[in-house]
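What follows is one structure encoded as C-alpha cells, with my remarks underneath.
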Amino acid sequence: MGRPRKFDEQQVLRAARDEFWRKGYAATSLDDLMNATGLGKGSLYGAFGDKHQLFLKVLSSYANETAEGVCGAVARGDRAIEVLRSFFVPGPQDAVAEHHGPVAASRGCFLANSSTELAARDPEVTGHARATYQAVEDCFTHAVAQAVADGDLPEDTNPRELGRLLLTIQQGLQFLTKTEMTAEAMREIGRATVDRLLPLPAPVS
C-alpha cells in the first residue's frame with residue numbers, strides 16, 4: 001500500500017494555481033512549483049502527474065469554482081435582476097476576488113489567460129474554457145429569464161442573447177483589470193452596463 005499523503009491537496013492546488021496565474025504556463029518551472037507548494041518533485045508528480053497534468057487539474061478546479069460561484073450567486077438571490085446587477089456594480093473583479101482570492105483583482109481571469117496562451121495548441125484547455133463559459137452563460141440566461149418573469153425586464157427580452165452579452169462584458173472587464181485601468185473607470189463601465197441593460201423598473205406610484 002502507498003503511504004498516505006501528508007498535505008492538503010486543495011491548498012497545494014491553490015498554490016500551484018497562483019504560480020501559473022502569475023507567470024503563465026510556459027514560464028512556470030518545476031522549481032517554481034516546488035517552491036510554491038512546498039513539495040518535492042517526487043511528491044508533486046506522484047500526486048498530480050507531470051506539469052501538464054497538474055496544470056489541467058488546477059484549471060479544472062478553477063473552472064468549477066468559477067461556474068459554481070456565478071450559479072450559486074444567482075441561485076441565492078431573492079431577486080434575479082439584483083443578482084445580475086451585483087456582478088457589474090461595483091464590478092465583476094470583486095466577485096472574482098471573492099471566489100479566487102485577491103490575486104485575481106490584478107491578473108484577470110485565470111481561465112481566459114490560460115486560453116489565450118494555450119488554447120491554439122491544447123484542446124483540453126479549450127474544452128475547459130468552453131464548458132465553463134457555457135455554464136456561466138447558462139446561469140446568466142436563467143437569471144435573465146427569471147427577471148423577465150418577475151416583470152423586471154421587458155417581455156420581449158431574449159434571455160439567451162442578453163445572458164451571452166453579459167458574459168462577454170464580464171469577461172471583458174476581467175481582462176481590463178490586467179491593463180491597470182483605474183477603479184473609477186471600471187465602476188463607470190459597470191454602471192453603464194446595469195443602467196442600459198439591467199435597469200431597475202420605476203417604482204409604482
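If we scan the range 142-150, do we find a residue that is farther than 25 Å from A63 by Cβ and crowded, with 20+ Cβ neighbours inside 10 Å?
Going through the range 142-150, the residues farther than 25 Å from A63 by Cβ turn out to be 147-150.
Subsequent filtering for residues that are crowded, with 20+ Cβ neighbours inside 10 Å retains 147.
Yes, because at least one residue in the range 142-150 is farther than 25 Å from A63 by Cβ and crowded, with 20+ Cβ neighbours inside 10 Å.
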Worksheet entry | Top-ranked residue of the range 186-205 - restricted to ones that are out of contact with any helix residue (DSSP H, G or I) (no Cβ under 8 Å at 6 or more places or on another chain) and in a helix (DSSP H, G or I), ranked as modelled with the lowest pLDDT | R187
Worksheet item: Out of all the residues in the range 48-75, which are over 15 Å from the mean Cα position of the chain (by Cα) and crowded, with 16+ Cβ neighbours inside 10 Å?
Response: F48, K51, L54, F55, L56, K57
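For the range 139-183, which positions are of a type outside the set (A, V, I, L, M, F, W, C), assigned to a helix (DSSP H, G or I) and in contact (Cβ under 8 Å) with a residue 24 or more places away in the chain? Before you say what the answer is, go through the steps one by one.
To start, the set of residues in the range 139-183 that are of a type outside the set (A, V, I, L, M, F, W, C) comprises 141-142, 146, 150-152, 154-161, 163-164, 168, 170-172, 174, 177-180, 182.
Next, only the ones that are assigned to a helix (DSSP H, G or I) stay: 141-142, 146, 159-161, 163-164, 168, 170-172, 174, 177-179.
Result: H142, Q146, G163, R164, Q170, Q171, Q174, T177, K178.
From the residues in the range 116-142 that are among the aliphatic types (A, V, I, L, M) and under 16 Å from A26 (Cα atoms), which one is farthest from the chain's Cα centre (by Cα)? Walk me through how you get there before you give the answer.
If we filter the range 116-142 for residues that are among the aliphatic types (A, V, I, L, M), which is where we start, we get 118-120, 125, 129, 131, 135-136.
From what is left, the residues that are under 16 Å from A26 (Cα atoms) are 118-120, 125.
Working: L118: 17, A119: 17, A120: 20, V125: 14 Å.
Filtering the range 116-142 for residues that are among the aliphatic types (A, V, I, L, M) and under 16 Å from A26 (Cα atoms), the one farthest from the chain's Cα centre (by Cα) comes out as A120.
Name the single residue that is modelled with the highest pLDDT among those in the range 52-63 being touching a helix residue (DSSP H, G or I) at 6+ places or on another chain (Cβ under 8 Å) and of a type outside the set (A, V, I, L, M).
F55
Right, L162: aliphatic (A, V, I, L, M), over 20 Å from R79 (Cα atoms) and surrounded by 16 or more Cβ atoms within 10 Å (Cβ to Cβ) or not?
Values: aliphatic (A, V, I, L, M): yes; over 20 Å from R79 (Cα atoms): no; surrounded by 16 or more Cβ atoms within 10 Å (Cβ to Cβ): yes.
Here the answer is no, as L162 does not meet what is asked.
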Practice prompt. Go through the range 113-125 and give me each residue that's assigned to a helix (DSSP H, G or I) and open to solvent by 30 Å² or more (accessible area, probe 1.4 Å).
Written response: N113, T116, E117, P123, E124
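The values are calculated or read from the model by the stated rules, or taken from the named source; none is laboratory data. Being a predicted model, the structure only gives us computed values, none of them experimental. Glycine gets a Cβ as well: all are built from the backbone with ideal geometry, and neighbour counts include every protein chain shown. Side chains are part of the model used for accessible areas, which takes the heavy atoms of the whole protein and leaves out ligands, DNA and RNA. Shrake-Rupley method; radii C 1.70, N 1.55, O 1.52, S 1.80 Å.
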